[in-house]
């Protein structure tokens, strides 16, 4: 099996600090490095659509709700994992571009609903195709069994860490 920079770091720590167990770097460092690489690939996949990953996250959160493709800003913020200030700014930009619209909630006169426009829905559909195509290419080095094992292990870690940090699932 080919060695990577993490293997070398673990060896270096084993030599320099044999009293510490550096094996945790094997998973955590690779997850962090892969997150950065996937982020770069995601940007590149969405660029031809004129979308930044944050914009795709918001549009896709609305799109996956099904018709009428809408959420309250609070629920949308949770789906897109953003602060309320960041969500307001992003919604302003997406509304200005014609991809979302904000309106009053007919069930709660104090509430606001954010919904996709037709242009936003079409762009979201193109964005998910671009994003999933890029991820499919990146995961192509893993066999089906390997991918399932990696996914199961990462899910187990994520559920546990989210529970510990009180981050909503």
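Bear in mind these aren't lab numbers, they're just calculated from the coordinates by the rules spelled out. Small disclaimer: the values here were computed from a predicted structure and weren't measured. Note that each Cβ is placed from the backbone with ideal geometry, even for glycine, and that neighbours are counted across all protein chains shown.
List of remarks:
- Label-point gap, in nm, between residue 75 and residue 54 - each point 7 angstrom along Cα→Cβ: 2.4 nm
- C-alpha long axis of helix 84-96 to longest principal axis of the chain, angle in °: 60 degrees
- Compactness index (Cα Rg / 2.2 N^0.38 Å), the range 1-139: 1.42
- Note on the range 55-127: Cα convex hull, mean projected area over all directions, 4.4 nm².
- Cα-based helix-to-principal-axis angle, 5-16 vs the chain, degrees rounded to 10: 50 degrees
- C-alpha long axis of helix 118-139 to longest principal axis of the chain, angle in °: 10 degrees
- Of 6, 100, 159, the sequence from fewest to most neighbouring Cβ atoms within 10 angstrom is 159, 6, 100.
- Of 151, 134, the sequence from fewest to most neighbouring Cβ atoms within 10 angstrom is 151, 134.
- Model label sites at residue 21 and residue 138, defined 7 Å from Cα along the beta-carbon direction, differ in position by 3.0 nm.
- The spacing between the range 118-144 and the range 7-53, judged by their C-alpha centroids, is 22 Å.
- Of 92, 164, the sequence from fewest to most neighbouring Cβ atoms within 10 angstrom is 164, 92.
- Whole-number percent relative contact order across the chain, with pairs defined as alpha carbons under 8 Å at least 6 apart: 19 percent
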